[in-house]
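Single-structure report; data block below.
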Amino acid sequence: MSIAADSAQNIAHVLTEALPYIRRFSGKTVVIKYGGNAMVEQALKDSFARDIVLMKLVGLNPVVVHGGGPQIGDLLKRLGKVTEFVQGMRVTDSETMDVVEMVLGGLVNKEIVNLLNRHGGAAVGLTGKDGDLIHARKLVLHRDAPELEAPEILDLGHVGEVESIDPSVVDLLVQGDFIPVVAPIGVGKDGFSYNINADLVAGKMAEVLHAEKLVLLTNTAGLLDEQGTLIRQLEIARVNQLIAEGVIQGGMLPKIRCALEAVQGGVRAAHILDGRVEHAVLLDLFTDEGVGTLIRGR
Ligand SMILES: Nc1ncnc2c1ncn2[C@@H]1O[C@H](COP(=O)(O)OP(=O)(O)O)[C@@H](O)[C@H]1O
Ligand SMILES: CC(=O)N[C@@H](CCC(=O)OP(=O)(O)O)C(=O)O
């Protein structure tokens, strides 16, 4: 067989492998969390955009929720402002909140919208303020330590968690064949803006939209065990042990917690994927092997 015929055969093989998945997912919603650490090289950004646009064209409803932690960090650094993380959350005073809102709602959100549109999609950017999408409340974290009589309450300033999501505006966009792109900023009953970890927003969004899948794109192969080996399928029963042993730390903590909550809240499956691999989303959705770590619902 000639090289051209051989590669045509390969293309045909790949397309037929994808067919049952395309049929199964047709009309279904997939929430994709695009982490700031996964937004690196231009080639990867382009491959991400192509994956999302292709999903839309073959009949799925992708909803993108993005982060931008490193991008917020860069601007804070340029402004000479020190930033600190507690249990994977950025301590956010009022000045930092302004920067978070500018970077997530402005720079990063519009960059992703532009990227998707340039690849043939019709994307619309939102923050949690648009259409009253994300209601937030102040996040209260605790620190427990042997020397403490009672767990200490940690004040992280304008850090929020999702109180509720009203998906009306997202539903309207999806019905109009747009791709919603959501920045993780919420509004409290107090009228303040809250900085919410993007994984938490993506997890709740997937629950509220009754999504088929939650896909979390990050900068590791997936969840790694104590030896650094990829865990292909994470059993829910194993999570607490991995957290207690310190295997799951930092930014991976909110990711795993939100993935668990999502599958317990009815999302069929959550996947943690390596955003540094070209076409990670398509490889995971449309091939038998899949990639990354899978957390399956009941
Ligand atoms: N067990 C683990 N497996 C993989 N990554 C882990 C683990 N524990 C902690 N991490 C850290 O979590 C990071 C991913 O979270 P984060 O930096 O918040 O990414 P993102 O910006 O994509 O949300 C990884 O780069 C890694 O440093
Ligand atoms: C409270 C909190 O930590 N919010 C995050 C929001 C952005 C985010 O989650 O970005 P990644 O997904 O790229 O990490 C932050 O300020 O960095």
> If a residue has to be outside any helix (DSSP H, G or I), modelled with pLDDT of 95 or more and either under 18 Å from the mean Cα position of the chain (by Cα) or among the basic types (Lys, Arg) (or both) to count, how many in the range 82-108 make the cut?
Replying inline: 1
>> If I go through the range 162-186 residue by residue, how many of them are touching a strand residue (DSSP E or B) at 6+ places or on another chain (Cβ under 6 Å) and either among the small types (Gly, Ala, Ser) or over 29 Å from Ser26 (Cα atoms) (or both)?
In response: 5
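Where residues in the range 248-298 are charged (D, E, K, R) and more than 23 Å from Ile22 (Cβ to Cβ), which of them is most open to solvent (accessible area, probe 1.4 Å)?
Arg298
Determine whether Glu245 is of a type in the set (Asp, Glu), surrounded by fewer than 24 Cβ atoms within 10 Å (Cβ to Cβ) and either within 30 Å of Leu133 (Cα to Cα) or touching a helix residue (DSSP H, G or I) at 6+ places or on another chain (Cβ under 7 Å) (or both). Give the steps one after another, and end with the answer.
Details: of a type in the set (Asp, Glu): yes; surrounded by fewer than 24 Cβ atoms within 10 Å (Cβ to Cβ): yes; either within 30 Å of Leu133 (Cα to Cα) or touching a helix residue (DSSP H, G or I) at 6+ places or on another chain (Cβ under 7 Å) (or both): no.
For Glu245, the condition - of a type in the set (Asp, Glu), surrounded by fewer than 24 Cβ atoms within 10 Å (Cβ to Cβ) and either within 30 Å of Leu133 (Cα to Cα) or touching a helix residue (DSSP H, G or I) at 6+ places or on another chain (Cβ under 7 Å) (or both) - is not met.
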> For Glu41, which of the numbered conditions (1) open to solvent by 30 Å² or more (accessible area, probe 1.4 Å); (2) touching a Lys or Arg at 6+ places or on another chain (Cβ under 9 Å); (3) within 16 Å of ligand 1 (Cβ to nearest atom); (4) closer than 24 Å to Thr127 by Cα fails to hold?
Replying inline: (4)
> Here are some conditions: (1) surrounded by fewer than 19 Cβ atoms within 10 Å (Cβ to Cβ); (2) touching a residue at least 24 places away in the same chain (Cβ under 8 Å); (3) over 13 Å from the mean Cα position of the chain (by Cα). Glu235 meets all but one. Which one does it not meet?
Replying inline: (2)
> Of all the strands (runs of 3 or more DSSP E) wholly in the range 109-201, which have at least 3 residues that are open to solvent by less than 50 Å² (accessible area, probe 1.4 Å)?
Replying inline: 123-127, 159-165, 179-183, 185-187, 193-196
> Restricted to the range 1-38, and to residues that are of a type in the set (Ser, Thr, Tyr) and loosely packed, with under 11 Cβ neighbours inside 10 Å, which residue is modelled with the highest pLDDT?
Replying inline: Thr16
> Mind checking which residues of the range 59-102 are surrounded by fewer than 17 Cβ atoms within 10 Å (Cβ to Cβ) and either closer than 26 Å to Leu209 by Cα or touching a Pro at 6+ places or on another chain (Cβ under 7 Å) (or both)?
Replying inline: Gly59
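The values are calculated or read from the model by the stated rules, or taken from the named source; none is laboratory data. These numbers come from a predicted model, not from an experiment. When we count neighbours, we look across all protein chains shown, and the Cβ atoms used for this are built from the backbone with ideal geometry, even at glycine. Keep in mind that these areas ignore ligands, DNA and RNA; they rest on the heavy atoms of the full protein, side chains included. Shrake-Rupley method; radii C 1.70, N 1.55, O 1.52, S 1.80 Å.
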